[in-house]
DNA sequence: AATGAAAACTTATTATT
DNA sequence: AATAATAAGTTTTCATT
């Protein structure tokens, strides 16, 4: 039963979102608690699957030529099953079911546009015959892709604010 | 000039994608190089903005009630400027310009559907008057959201493979 | 659930190739 | 660009509250 994060958890997560390798001891000093407290809370959050500390980076810098967003429509009654099968593709990084004119939205990585085209026109339809249509958006430039939480914690605590100082310095621009 | 990653860089990044807090010394032992080599390569990759080690987690577990994908169309000639202004919103986590029937795709976070609706119907149009239309997909369930690179490195090195063993155990399912 | 103490281990710096 | 040596700092374990 994954209970929500308390204020101390959030501060720890914010600190690690800024720098995932920052020593627990250092974070503990800043927050006025012991190193063990930071450690045990992070262990709990990771064990519960709520948080992971990981290397993230720009796909386009890591040898990925093409990043695409694909909207998928599925024969009624087969959405959940189709979504589950899409998660098995190594080049699909995101799979979500949705309300609206698409049943599933995915983000996929490709070496080049030829690879993307083959994927959409051949691989996907033959792997998931319940697909009734797809719509593909090849991304030209990723201007923001953020993993920090400080701004969100501020936003959710203070609904009035909009478009103030942003996370940009700690995000990776994936151009 | 960000040159691409060599094989050793990739192995280091893969290891840190699995566990971002794993000691450099431990990774170095596994890869048969010195700790300093792992450290200096990570320093370079981080300084060049190619890789970041960070805490990532399930938005829906962190107090985010609603995650949406929004496709945005913009008056011709204003796409780049509008995209840049969208990056300033703290509740927008992803901004990409794209080819296809949308000019910009964004991912946004909201407390509830009322907040999402206000954002789409009021906040966005008044902040970015060049928007000509939007299409919103409220995400119901995120089945995959992966940050590891091992599978991609395999995929890009071996085009024939499809839908084999996946990253799922190291991704966070954002239900 | 949080803490302090201590041994084991890692990091960050420096000099060397 | 990589390495070994080393002082300083961190992690991990455990007994205590």
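Taking only region A:67-91 into account, find how many residues are closer than 15 Å to residue B:145 by Cα and surrounded by 17 or more Cβ atoms within 10 Å (Cβ to Cβ). First the steps, then the outcome.
Within region A:67-91, the first condition is being closer than 15 Å to residue B:145 by Cα, and the residues that meet it are A:67-70, A:83-91.
Imposing the further condition that a residue be surrounded by 17 or more Cβ atoms within 10 Å (Cβ to Cβ) reduces the set to A:67-70, A:83, A:86-91.
Counting residues in region A:67-91 that are closer than 15 Å to residue B:145 by Cα and surrounded by 17 or more Cβ atoms within 10 Å (Cβ to Cβ) gives 11.
Answer with yes or no whether residue B:13 is away from DNA strand C (no atom under 15 Å from the Cβ), at the interface with another protein chain (Cβ under 8 Å from one of its Cβ atoms), outside any helix (DSSP H, G or I) and surrounded by 14 or more Cβ atoms within 10 Å (Cβ to Cβ). Let's see the steps before the verdict.
Working: away from DNA strand C (no atom under 15 Å from the Cβ): yes; at the interface with another protein chain (Cβ under 8 Å from one of its Cβ atoms): yes; outside any helix (DSSP H, G or I): no; surrounded by 14 or more Cβ atoms within 10 Å (Cβ to Cβ): yes.
For residue B:13, the condition - away from DNA strand C (no atom under 15 Å from the Cβ), at the interface with another protein chain (Cβ under 8 Å from one of its Cβ atoms), outside any helix (DSSP H, G or I) and surrounded by 14 or more Cβ atoms within 10 Å (Cβ to Cβ) - is not met.
Yes/no matrix, rows are residues, columns are (1) within 30 Å of residue B:7 (Cβ to Cβ); (2) more than 7 Å from every other protein chain (Cβ to nearest Cβ); (3) crowded, with 22+ Cβ neighbours inside 10 Å:
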site: B:93; (1), (2), (3): no, no, yes
site: B:120; (1), (2), (3): no, yes, no
site: B:126; (1), (2), (3): no, yes, no
site: B:144; (1), (2), (3): yes, no, yes
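Return yes or no: is residue B:104 closer than 30 Å to residue A:117 by Cα, surrounded by 22 or more Cβ atoms within 10 Å (Cβ to Cβ), within 16 Å of DNA strand D (Cβ to nearest atom) and facing chain A (nearest Cβ under 10 Å)? Outline the logic, then answer.
Numbers: closer than 30 Å to residue A:117 by Cα: yes; surrounded by 22 or more Cβ atoms within 10 Å (Cβ to Cβ): yes; within 16 Å of DNA strand D (Cβ to nearest atom): no; facing chain A (nearest Cβ under 10 Å): yes.
For residue B:104, the condition - closer than 30 Å to residue A:117 by Cα, surrounded by 22 or more Cβ atoms within 10 Å (Cβ to Cβ), within 16 Å of DNA strand D (Cβ to nearest atom) and facing chain A (nearest Cβ under 10 Å) - is not met.
Please specify each residue of region A:16-49 satisfying the condition of being free of Cβ contacts under 8 Å to residues at least 40 places away in the same chain, touching a helix residue (DSSP H, G or I) at 6+ places or on another chain (Cβ under 7 Å) and either closer than 17 Å to residue B:22 by Cα or buried (at least 17 other Cβ atoms within 10 Å of the Cβ) (or both).
Within region A:16-49, A:22, A:24, A:25, A:27, A:28, A:38, A:39, A:41, A:42 qualify.
Could you please find all residues in region A:62-76 being free of Cβ contacts under 8 Å to residues at least 40 places away in the same chain and more than 10 Å from chain B (Cβ to nearest Cβ)?
Within region A:62-76, A:76 is the sole residue that qualifies.
What number of residues within region B:80-91 are within 9 Å of chain A (Cβ to nearest Cβ) and in contact (Cβ under 8 Å) with a residue 12 or more places away in the chain?
Of region B:80-91, the ones within 9 Å of chain A (Cβ to nearest Cβ) are B:80, B:83-91.
Narrowing further to those that are in contact (Cβ under 8 Å) with a residue 12 or more places away in the chain: B:80, B:83, B:85-86, B:89, B:91.
Qualifying residue count, region B:80-91: 6.
When you scan region A:21-33, do you find a residue that is away from DNA strand C (no atom under 12 Å from the Cβ) and either at the interface with chain B (Cβ under 9 Å from one of its Cβ atoms) or assigned to a helix (DSSP H, G or I) (or both), even just one?
Start the filter on region A:21-33 by keeping residues that are away from DNA strand C (no atom under 12 Å from the Cβ), which leaves A:30.
The next check asks that each one be either at the interface with chain B (Cβ under 9 Å from one of its Cβ atoms) or assigned to a helix (DSSP H, G or I) (or both); those that pass are A:30.
Yes, there is a match, as at least one residue in region A:21-33 is away from DNA strand C (no atom under 12 Å from the Cβ) and either at the interface with chain B (Cβ under 9 Å from one of its Cβ atoms) or assigned to a helix (DSSP H, G or I) (or both).
Kindly indicate whether any position in region B:53-60 is surrounded by 16 or more Cβ atoms within 10 Å (Cβ to Cβ), modelled with pLDDT under 95, more than 16 Å from DNA strand D (Cβ to nearest atom) and assigned to a loop (DSSP other than H, G, I, E, B).
yes
The values are calculated or read from the model by the stated rules, or taken from the named source; none is laboratory data. Nothing here was measured: the structure is a model prediction, and the numbers come from that model. All Cβ positions, glycine included, derive from the backbone under ideal geometry; neighbour counts span all protein chains shown.
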